[in-house]
Amino acid sequence: MLYKILKKDFERKKGITIALFLFILLSSILIASGTYMITVMMGSIDNMFEASKIPDYVQMHSGNLDEKEIERFSLSNPLVEDWQVVKMISVDPGNLYLGNNPTAEINSVMDISFVEQNETFDFLLNMENKPVSVKKGQIGVPVYYLQKYNLKKGDTVRLKLDEGIAEFIISDFVRDAQMNPTVVSSKRFVINQEDYSILTDFSENFEYSINFLLKEAGKLSQFSNEYQAAGLPAKGPTLDAGTFKLLNALTDGIVAAVIILISLLLVAISVLCLRFTFLASIEEDYGEIGVMKAIGIRQQDIKAIYLMKYVIMGAAASLAGYLLSFWVGRLFTSNMVLYLGTPLTGPAVYLMPFITTGIMYLFLILSCMAVLKQLNKISAFEALRSGRMGDIGKQLRIFHLDKRTYMSPDVFMGLNDIICRFPVHTMLLFIFTLSAFIMIIPVNLYNTIGSDEFITYMGIGRSEIRMDLQQSEGMEERYASMIESIKKDPQVSLYSPTFTCKYKVKNEEGLWENLNVETGDFNIFPLEYMTGKTPSRENEIALSYLVSDNFKKDVGDQITLIVDGVETPFTVSGIYQDITNGGQTAKAMIPIDSDTVLWYVISLNLKDGVDRAAKIKELTTQFPATKITNIDQYLNQTLGSTIKQLEMAKILAVVLAGTVAALITSLFLKMQIAKESSQIAIMKSLGFSVGNIRTQYLVRIGSLLLAGVVIGTLAANTLGQELVSGLAASYGACEIQFVIRPLEAFFLSPAILFAVVLVTTVLSIIPMNKASITEMIVE
């Protein structure tokens, strides 16, 4: 019997049932896909870290180094399980040629090093996530360049030396747990031990990576303090396994978070749609419900009949969505597979998406049960007497047709119907608002990360060219020479030299930690501060958001640094956002101490009319050991993968928003036309043409759509901005300001939504022409 009831109900309401099925299907696909991506990503990162035996603590160092000193410290420290010192050959990008590319990496933002494979841990992996092994004359190239230049095995890598050209054959592509992500501006190439020894004899610039494996990862902070207290080499950034994990998760984590956000909005739409459909079904079957109550069928049984349909349909849609999510998820994991390895196939990969889909399904069923409480209010006598519930909500009679003087009757009646029966239209208004919201957030996020203004979230001021001078022999003399040359350069309009040193800073527990502090005049190329201002006196310091959060410091608070061996208090003048160096940076005006400088940076602008590319080439020739970067290219090289992934998410959001709006509009109109059939018949008998009635429906839908787009756009630029900032807070940027392109955000995206909805509206009201007045009155 139940099967017959469900079958008959489906035959009566095919369109509604199919539309609801699609909503639940889309919701489950997205929420399961987002969960799948995050589960696979975290599992793949863990797998890669395990295969590479990632160090727990890494201290980069440039300059002379005594390995015996590090050996003595490591052997005497009970926290150390293993240690190694990796000597890396620093390569000038301007001397490196990859594949068939005729030009060197002259404009690359990457610090490039040649290394040999490590012996005990911190392995560089091949594409099977096994330690890469290369023969003499071969080279392992980071996957970053595989993606950038579409390289393949057998291509050549040429390194220009004073003695000639060293040529290598690409035998493998390398995954590097430390330097894998594009946002990390350092890359390691792997060469054979024999080639490495030969290159060492011809090279002068080296950098060291001092790596430690700890017996207990939870003792990382204690070990860091002990290492720094021992006065061991520390001229370079300090990193740990947690930072490596965060950086590896950055690219795909943002995309997964956006997909989950969209899926949650779709779940909200599905709940609204279910509620609307339920109420419409109850109203349509009002008389039948009265009959069932009158003949003694229990209320629980009546509820079960209505609920069973949605239990079965929801289960089928959720299960189908769960299965399809693995295909959809893989569309967004191509970048993940390239950088992290083949996706995992363990139980968690299938279980976690199933759990989130199950939670969504349970939420939908509970929503249905809440709506079914409406049956408690139905009286058998009243249902048999009237046969219908009437409109939900009160009808407001504010405007009258006879007093209309400023618009056509059709437009007036369409608008008046919205006002008089606003509760009936709130669901559709809310759907249009959410559709605009879903569409615009990924568009704005994509435009923001891809814009030049995003450089402000990387802790640097906006300049045209950036010159980085890393720690090396004679660095101070070369820096002084660069400054002198730029001062006299007639093509330079503005320049700002800065240098970065490592200082000890006291945390909340009174322990000393290391902090990279950049010093210079930050008024020349100013940062955008969340709060406060740039430091203008020697006793002031500006902190990155993560440092201020970790040290619990705000503008006006005091923080203590050791400067020249003396504990010196500094006042926090401002807090800025920075997603580089793990987000742990600061800026101050401390007098230079050349012995503690980690690196120098010169930012500059050119005069109008000066060709930037030609100038960069000139400066590179003039200062060959300096990394010279066009700031406009910096973001594309470091966040290129993230931008590509967000472009896919943007397209998905536009398609989904349009699909949702079209399905809901069609569903709403079918219900309303069926419900208002007698009213339509009366209007026809009074002389209204089908065109007049269609215009009224178009006005109703168009007005709701316009209001929804406006509200959704405002919400996307306010609430949406807050949601994105919350997601980015763990990376060091908690106040992202959307870069809005008016043509795309205010015209193109709404135009797509308008076109889809209006076409759907026209197609949905065409059947109105086929029904006769007599048929509509009888119905």
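The values are calculated or read from the model by the stated rules, or taken from the named source; none is laboratory data. All of these numbers come straight from a predicted model, not from anything done at the bench. Neighbour counts run over all protein chains shown; Cβ positions are idealised from the backbone, glycine included. Note: accessible area is taken over every heavy atom of the protein model, side chains too, but ligands, DNA and RNA are not part of it. Shrake-Rupley method; radii C 1.70, N 1.55, O 1.52, S 1.80 Å.
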Original post:
So which residues in segment 515-541 are under 20 Å from T498 (Cβ atoms) and touching a helix residue (DSSP H, G or I) at 6+ places or on another chain (Cβ under 9 Å), if there are any at all?
Top reply: L515, N516, L527, E528
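Let's see how each residue does on (1) of a type outside the set (K, R); (2) assigned to a loop (DSSP other than H, G, I, E, B); (3) modelled with pLDDT under 85:
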| site | (1), (2), (3) |
| --- | --- |
| T448 | yes, no, yes |
| I455 | yes, no, yes |
| R462 | no, yes, yes |
| M467 | yes, no, no |
| E476 | yes, no, yes |
| E509 | yes, yes, yes |
| N514 | yes, no, yes |
| E518 | yes, no, no |
| F522 | yes, yes, no |
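Conditions (1) aliphatic (A, V, I, L, M); (2) surrounded by fewer than 18 Cβ atoms within 10 Å (Cβ to Cβ); (3) part of a strand (DSSP E or B), marked per residue:
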position	(1), (2), (3)
S74	no, no, no
P78	no, yes, no
E81	no, yes, yes
S90	no, no, yes
A104	yes, no, no
S108	no, no, no
S113	no, no, yes
E119	no, yes, no
Original post:
Quick one: is A588 surrounded by fewer than 17 Cβ atoms within 10 Å (Cβ to Cβ) and either at pLDDT 85 or above or touching a Gly at 6+ places or on another chain (Cβ under 8 Å) (or both)?
Top reply: no
Subject >> Out of S133, S171, sole residue that is among the hydroxyl-bearing types (S, T, Y), within 24 Å of V86 (Cβ to Cβ) and in contact with a strand residue (DSSP E or B) (Cβ under 6 Å, 6 or more places away or on another chain) >> reply: S171
**OP:** Provide a single number: the residues in segment 541-569 that are surrounded by 13 or more Cβ atoms within 10 Å (Cβ to Cβ), within 34 Å of the chain's Cα centre (by Cα) and in contact (Cβ under 8 Å) with a residue 24 or more places away in the chain.
**Re:** 12
Original post:
Would you pick out the residues in segment 357-373 that are in contact (Cβ under 8 Å) with a residue 24 or more places away in the chain and not aliphatic (A, V, I, L, M)?
Top reply: T357, G358, Y361, F363, S367, C368
Original post:
Of the residues that make up segment 609-618, is at least one of a type in the set (D, E) and either in contact with a helix residue (DSSP H, G or I) (Cβ under 9 Å, 6 or more places away or on another chain) or in a loop (DSSP other than H, G, I, E, B) (or both)?
Top reply: yes
Original post:
Going by the conditions given, is I139 open to solvent by 40 Å² or more (accessible area, probe 1.4 Å), within 35 Å of the chain's Cα centre (by Cα), aliphatic (A, V, I, L, M) and under 27 Å from L639 (Cβ atoms)?
Top reply: no
Subject >> Unique residue being over 30 Å from S334 (Cα atoms) and free of Cβ contacts under 8 Å to residues at least 24 places away in the same chain when the list is G154, G231, G236, G242 >> reply: G231
Original post:
Could you list, in sequence order, the residues of segment 549-575 that are modelled with pLDDT under 90 and among the polar types (S, T, N, Q)?
Top reply: N550
**OP:** Check segment 476-491 and report whether any residue there is over 19 Å from G640 (Cα atoms) and open to solvent by less than 20 Å² (accessible area, probe 1.4 Å).
**Re:** yes
Subject >> Tally, over segment 132-155, of residues that are more than 19 Å from R188 (Cβ to Cβ) and at pLDDT 90 or above >> reply: 2
Subject >> One residue from D201, D195 being of a type in the set (D, E, K, R) and free of Cβ contacts under 8 Å to residues at least 12 places away in the same chain >> reply: D201
Subject >> Search result, residues across segment 741-763 that are farther than 28 Å from Q696 by Cβ and either of a type in the set (G, A, S) or open to solvent by less than 60 Å² (accessible area, probe 1.4 Å) (or both) >> reply: E744, A745
